[in-house]
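A quick write-up on the structure given underneath.
Readers should treat all values here as calculations from the given coordinates under stated rules, not as data from a laboratory. Keep in mind it's a predicted model, so treat the numbers as computed, not measured. Using ideal geometry, Cβ is built from the backbone for each residue, glycine included, and neighbour counts are taken over all protein chains shown.
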Amino acid sequence: MNNTQTGKYAAGFGISLAVTTLLNAVILVVKELNGSVMGAMKSALGHHWTTHGVLVILVFVVLGFIFSGMKFEDKLDSGKLLRYIVWAVIISVIIIAGFFLPNLKVASAIKY
């Protein structure tokens, strides 16, 4: 596989994607554990998921432009950027699954 050099915006928004993927998992856990955070998010835009989504999208866009100006394209080829994104997704899945898995009640949902 040939790793190609990334462009300025691909690198910046790729790193932003990795960061906001992790942020998404952290926000989810924090709001589920902290009632005041959940309440604030509900009151901000009418529903906690709406606030959560808007916050993650705004952070993605803002960080994307900030990181695009930081010359990450000089340090990242496409393979390295892809590895960062994949690892961020894997870590986020582990965080979210690790948080919700103890609350999963599969056995009680099955009727014999």
*Across the range 8-109, how many lysine pairs separated by 8 or more positions, or lying on different chains, have Cα atoms within less than 21 Å?*
5
*Kindly provide the helix-only [θ] at 222 nm of the chain, computed as the sum of -39,500 (n - 2.57) over DSSP H runs of four or more divided by all residues, to the nearest 500 deg cm²/dmol?*
-25500 deg cm²/dmol
*Let a ≥ b ≥ c be the square roots of the eigenvalues of the Cα gyration tensor of the chain; is it rounded (a/c under 1.5), or, if not, prolate (a/b larger than b/c) or oblate?*
oblate
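How high is the relative contact order of the range 8-109, in percent, with contacts defined as C-alpha pairs under 8 Å that are six or more residues apart?
Values: 96 pairs, mean separation 49.3, N = 102.
Across the range 8-109, relative contact order equals 48 percent.
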*Compute the long axis of helix 35-45 from its Cα atoms, compare it with the longest principal axis of the Cα atoms of the chain, and write down the angle in degrees, 0 to 90, nearest 10.*
70
*Which residues in the range 1-39 place their backbone N less than 18 Å from a point set 7 Å from the Cα of residue 54 along the Cα-to-Cβ direction?*
24, 27-28, 31, 37-39
*Give the angle, between 0 and 90 degrees and rounded to the nearest 10, that separates the Cα long axis of helix 8-33 from the longest principal axis of the Cα atoms of the chain.*
20
